[in-house]
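One structure below.
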Amino acid sequence: MRRTPTRRGLAAALLVASVLAPMAAAPATAAPVRTPSVTADRCPKAECPPHGLDRRLTARLDRAIEKVRRQASVPGVVAGLWMPGKGSYVRATGVADTATGAPMTKNVFVRIGSETKTFTVTALLQLVDDGRVRLDDPISDYVHGVRNGRRITLRHLAEMRSGLFPYTEDAGFQHDLLSDPRRSFTPEQSLAYAHRHKNTFAPGARFQYSNTNLVLLGLVVERVSGRSLGDFLNRRILRPARLTRTFLPESFEFPEPHPRGYTNQTLSGEVTDSTDWNPSWAWAAGGMISDLHDLRRWARIVATGTLLRPGTQAERLRMLPTGVPGTGYGLGIFESGGWIGHNGSIPGYETVTVYLPSEKATLVLMINTDITYQGQEPSSLLARAITEIVTPDHVYDRPRPLT
């Protein structure tokens, strides 16, 4: 799901900002952001495939990735594929910095954009399991000032069926963000842009990808738990899942090593280096940072519901139509060709993290651009090319962004 701003469509990526008065006390002061340590391959021996894929298959994957990378002008790619019983494939190709020519490497941190939604909704579902919220509670029980908030439920928000205007489509938001990409946005400031507009449809009527929904859910997590979203994620998700290199930044901090990111989501439409842009505008909808091996672990956890009760996970995986053939959306998660997970896109970076239950296979992609090629996200083109080779009966195929 494309999600970040772009002159052509900052829309689906950004958030809303009308000052919403909280119904509960403000969350506790955020804990200091952890700066994850850099390690080599942290994959426990018990979880690592014993060896790589068949040489001929590996060669086909190498060629397919390089073909897409060159066609779509992607500076650098990190790809990881793990297929129990068949082996693994991990590659870094291209460059991390177009100015210096420094090569892309496997152990980099990247901004994961809308993959953040899988973490935020998992946090919400944990509160459901705790008996502290219900999916069919109206958002007005937790946040004041939401248009039609008495009829819009937490479920509507998580499944992208609220009808709330996507704040990233507001022209004022796009101008304000792109005029000063390092500025900081609070969740309420982002939401204010959305609440300048009427709702686009009645709750539950259809699917519309909107970051407004997830910013609101982030506020729900904070107000119910009494903790900052980052602290809640650390305590309830990242630590239990042993994701030591994943976090929600408070500003534009970005641990080393990381590749430079390149975008054309600028006021002029020219390509620029967006590495140090402040992702606060994306917050609960797209602000997190992670790496290859943490995303590999997370793919299986989120798809199988390790951190949730079985009934809650079943609710999460109830996929509804999106309007994009072959793709369904559940509660902060999608399914494409049998692959379950999410993708992410934020100026300068794109990722894909998906799990195929029938094969117990995991695919993770990280690239350092979000510039589309012939109207398609390059990360989706790469995922399709890879799955056409390794799982031809289960091809990840999203012909266009869900925005």
So for region 251-260 (the condition being over 21 Å from H175 (Cβ atoms), surrounded by 24 or more Cβ atoms within 10 Å (Cβ to Cβ) and either among the hydroxyl-bearing types (S, T, Y) or in contact (Cβ under 8 Å) with a residue 40 or more places away in the chain (or both)), does at least one residue qualify? yes
Total residues in region 193-235, condition under 22 Å from the mean Cα position of the chain (by Cα) and either assigned to a helix (DSSP H, G or I) or of a type outside the set (S, T, Y) (or both): 25
Take the residues of region 326-338 that are over 14 Å from F207 (Cα atoms) and in contact with a Pro (Cβ under 9 Å, 6 or more places away or on another chain): which is modelled with the highest pLDDT? G338
Name the single residue, out of those in region 288-312 being among the β-branched types (V, I, T) and closer than 18 Å to S336 by Cα, that is surrounded by the most Cβ atoms within 10 Å (Cβ to Cβ). V302
Would you confirm whether or not region 303-313 contains a residue that is within 13 Å of E115 (Cβ to Cβ) and not in a strand (DSSP E or B)? yes
Filtering region 342-360 down to residues that are surrounded by 24 or more Cβ atoms within 10 Å (Cβ to Cβ), of a type in the set (G, A, S) and within 21 Å of M319 (Cα to Cα) yields G344
Just to be sure I understand, how many residues within region 306-316 are without any contact (Cβ under 8 Å) to a residue 40 or more places away in the chain and among the hydrophobic types (A, V, I, L, M, F, W, C)? 1
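Take the residues of region 126-163 that are among the acidic types (D, E) and touching a residue at least 12 places away in the same chain (Cβ under 8 Å): which is farthest from T327 (Cα to Cα)?
Taking the candidates together, the pick is D141.
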Unique residue being among the hydrophobic types (A, V, I, L, M, F, W, C), surrounded by fewer than 16 Cβ atoms within 10 Å (Cβ to Cβ), modelled with pLDDT of 95 or more and within 23 Å of I333 (Cβ to Cβ) when the list is F232, F207, F201, F247: F201
Given the condition in contact with a Pro (Cβ under 7 Å, 6 or more places away or on another chain), surrounded by fewer than 24 Cβ atoms within 10 Å (Cβ to Cβ), more than 22 Å from F252 (Cα to Cα) and among the charged types (D, E, K, R), answer yes or no: does some residue in region 315-322 qualify? no
Give, as residue ranges, the strands (runs of 3 or more DSSP E) completely inside region 317-381 that count at least 2 residues that are in contact (Cβ under 8 Å) with a residue 12 or more places away in the chain, on the phi < 0 side of the Ramachandran plot and of a type in the set (S, T, N, Q). 339-346, 349-356
Here the residues within region 132-151 that are over 22 Å from V302 (Cα atoms) and loosely packed, with under 14 Cβ neighbours inside 10 Å are H144, R150
Quick check: anything in region 239-249 more than 17 Å from the chain's Cα centre (by Cα) and among the charged types (D, E, K, R)? yes
Considering each of R182, R151, R134 in turn, give the residue that is out of contact with any helix residue (DSSP H, G or I) (no Cβ under 9 Å at 6 or more places or on another chain), in a loop (DSSP other than H, G, I, E, B) and charged (D, E, K, R). R182
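Restricting to region 83-119, name every residue that is of a type outside the set (G, A, S) and in contact with a Phe, Trp or Tyr (Cβ under 9 Å, 6 or more places away or on another chain).
M83, Y89, V90, T98, F109, V110, R111, I112, E115, T116, T118, F119, listed by residue number.
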Unmet criterion (only one of (1) buried (at least 24 other Cβ atoms within 10 Å of the Cβ); (2) under 22 Å from F173 (Cβ atoms); (3) not basic (K, R)) for E188: (1)
Are there any pairs with C-beta distances below 8 angstrom linking a residue in region 164-188 that is farther than 20 Å from Q208 by Cβ to a residue that is aromatic (F, W, Y) and surrounded by fewer than 20 Cβ atoms within 10 Å (Cβ to Cβ), with the two at least 6 apart or on different chains, and if so which? R182/F252
Take the residues in region 363-380 that are touching a Ser or Thr at 6+ places or on another chain (Cβ under 8 Å) and of a type in the set (S, T, Y); name whichever of them is surrounded by the most Cβ atoms within 10 Å (Cβ to Cβ). T369
Of all residues making up region 94-131, the number that are of a type outside the set (A, V, I, L, M, F, W, C), crowded, with 16+ Cβ neighbours inside 10 Å and part of a strand (DSSP E or B): 2
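The values are calculated or read from the model by the stated rules, or taken from the named source; none is laboratory data. A quick note: this is a predicted structure, and the numbers were derived from the prediction, not measured. Note that each Cβ is placed from the backbone with ideal geometry, even for glycine, and that neighbours are counted across all protein chains shown.
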